[in-house]
Amino acid sequence: MGFATDAIHVGQEPEPRTGAIVAPIFQTSTYVQEKFGKYREGYDYARTNHPNRKALERCVAKLEGGQSAYVFSSGMAGIDAVFRLLRPGDHATSGDGSRRTSFTTRNPSTSPMNSSTSAGRK
């Protein structure tokens, strides 16, 4: 499929229960458990897993030519996830457009020791 077709259709598989062509917006934060600790299709709480977010992730991955994608509810959540991937000795670089708070909020309790960051300069 082409980019425009992928942008509309990927992540929009028919909803299995009703057959709706466009997936409904699930406005829920918690889900029923089959039994204690056993969740339907892995959905337990909207902040950890959500059908609409999974559809968006599939679409973004396809549009970007990737195998998977992750979306976050805020820019700082995404930045925090990237920083948590750093290991001692790693260095992260960002462009001029990055928020300065993304670097000033790093501290030893939330990032590996001996990793470093820098922002681009014009």
On the given criteria, is MET113 modelled with pLDDT under 75 and either more than 28 Å from GLY11 (Cβ to Cβ) or not in a loop (DSSP other than H, G, I, E, B) (or both)? yes
Quick one: PHE26 ticks every box in (1) touching a helix residue (DSSP H, G or I) at 6+ places or on another chain (Cβ under 6 Å); (2) loosely packed, with under 13 Cβ neighbours inside 10 Å bar one, so which box is it? (2)
Top-ranked residue of region 31-90 - restricted to ones that are of a type in the set (D, E, K, R), touching a strand residue (DSSP E or B) at 6+ places or on another chain (Cβ under 9 Å) and not in a helix (DSSP H, G or I), ranked as farthest from GLN12 (Cα to Cα): ASP90
Please specify each residue of region 15-64 satisfying the condition of being in contact with a Gly (Cβ under 7 Å, 6 or more places away or on another chain) and either within 18 Å of THR5 (Cα to Cα) or touching a residue at least 12 places away in the same chain (Cβ under 8 Å) (or both). ALA55, LEU56, ARG58, CYS59
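The values are calculated or read from the model by the stated rules, or taken from the named source; none is laboratory data. Computed from a predicted model, the values in this text were never measured in an experiment. Quick reminder, even Gly has a Cβ in these numbers, built from the backbone with ideal geometry, and neighbours come from all protein chains shown.
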